[in-house]
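Here's the structure we're looking at; comments come further down.
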Amino acid sequence: MSGFAELEGRIERGDVIILDGAVGTQLQVSGVPMHGTAWAAAALQTHPYTVRHVHEAYIKAGADIITTNSYASARHNLEPLGLGDSTAELNIRAVVLAKEARERAARDRPVYIAGSVSNFGLGTGSEPRSKGAVRRVAITAEQARANLREQAEILVEAGVDFLLAESTGSLEHRKWVSEACSVPGVPKWVGFKVHVDPADRVVKVGYTSDVPLTVALAEVIPLGGSLLNVFHSNVDDTAAALPLVMEQWSGPVGVYPEAARPDYTATWRDPTIETTLTPKDFVGLARQWVAQGVQVIGGCCGIGVEYIRPLREALPARVPAPRKQGRG
């Protein structure tokens, strides 16, 4: 974990840190098909060198952190593909590919590897976004928690610098993911997907849940974490959530929004559908967020290499006032 200690030191002194962008949709752009239960994780078996190439592209674009392609590689995601027995192999491969990319593309500067663990495939608290797009896996809560913990431990053993607890699901799922990433001696960052409910304009968690963000923060923050991210949310909802996060969370904050491409609610089969959010727009928003004290800036679905590349020159080296009281 020496790499993370260096990263933590940079955060404590206020450095602005660039996270990578989307892995799955960047793989789509490269022609890699997505799968209903394992999404981009199937690429670890079928297109490993394309996965490595995506990591390298983000490093060359200036990212300080690259994220393993493990968002959907827990055992329950892989079993429907007949790959349950390859759970360890594919999660190890996700880390090895990230390490190889770092060795090939970042010999002159430090780059850190985040191990992604999520509730993908366990449901979002709403119906699937389209027929065949997200297929839920019917397993018990006990098995789901065991699978998530198994994955987190594999990623740690394979050598990630820290764990990234990413949950778009229910409050229960959010706790499962955070608990799974609570590996002794291993740093973790936690993430909240949010939406602004059009009925009452309250910022809530997940896609369509009725749980206010303020309630979710109060439930999940005590589970630990050294940095809190607002992720996989459109930029307007991200902006609405930040004041609430900063009010309840005293530590450093990150954002990695998605681009609000219409195909997320239609199909994953057409990565050419464009978003109205341009790289220039994204840079402008990133400047505003950094001015508010956000230290980690990256992207999620639809935010590709072209969005990350301008950030290094466009953003200040440090935030105005570092937030130093994250909970480990």
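Throughout, read-outs are computed from the coordinates displayed, never taken from laboratory work. Since we're looking at a predicted model, the values are computed, not measured. No Cβ is skipped: glycine too gets one built from the backbone with ideal geometry, and neighbour counts run over all protein chains shown.
Of note:
- Burial ranking of peptide ranges 310-320, 33-43 (average Cβ count within 10 Å, highest at the top): 33-43, 310-320
- Dipole moment magnitude, nearest 20 debye, the chain about Cα centre, only Lys, Arg, Asp, Glu C-beta charged: 360 debye
- Table column - 3J(HN,Hα) (Hz), the range 94-104, Karplus curve with 6.51, -1.76, 1.60, x for Gly and Pro: 4, 6, 4, 5, 5, 5, 4, 4, 4, 5, 7
- Taking other Cβ atoms within 10 Å as a rough exposure proxy, Glu6, Glu258 sort from fewest to most as Glu6, Glu258.
- Within the shell defined by Cβ-Cβ distances under 13 Å, the residues around Asp237 carry a net charge of 0, with Lys and Arg each +1 and Asp and Glu each -1.
- Straight-distance crosslink candidates among lysines, where the alpha carbon sits under 25 Å from Lys99 and sequence neighbours closer than 8 are dropped: Lys60, Lys188
- Per-selection metrics, the chain (Cα): Rg and Dmax in Å: 17.8, 51
- Among Ala240, Gly302, Leu227 - extreme Cα towards positive end, dipole of the range 2-314, charges at beta-carbon: Gly302
- For Phe192, the residues whose modelled amide H falls within less than 5 Å of its own, excluding neighbours fewer than 5 places apart on the same chain, are Asn229, Val230, Phe231.
- Rounded to the nearest 20 debye, dipole of the range 151-225 from Cβ charges on Lys, Arg, Asp, Glu: 180 debye
- Relative contact order (percent, whole number), the chain, Cα cutoff 8 Å, 6+ residue spacing: 22 percent
- Comparing Cα centroids, the range 159-211 and the range 10-28 end up 17 angstrom apart.
- The residues Asp108, Asp161, when put in order of fewest to most other Cβ atoms within 10 Å, stand as Asp108, Asp161.
- Using the average count of surrounding beta-carbon atoms within 10 Å as a protection proxy, the listed peptides 201-208, 7-14, 18-25, 172-179 rank, highest first, as 18-25, 172-179, 201-208, 7-14.
- Within straight-line cross-link reach of Lys193, aspartates and glutamates at Cα separation under 20 Å, skipping those fewer than 8 residues along the same chain: Asp20, Glu127, Glu166, Glu172, Glu179, Asp210, Glu219, Asp236, Asp237, Glu247, Glu258, Asp263
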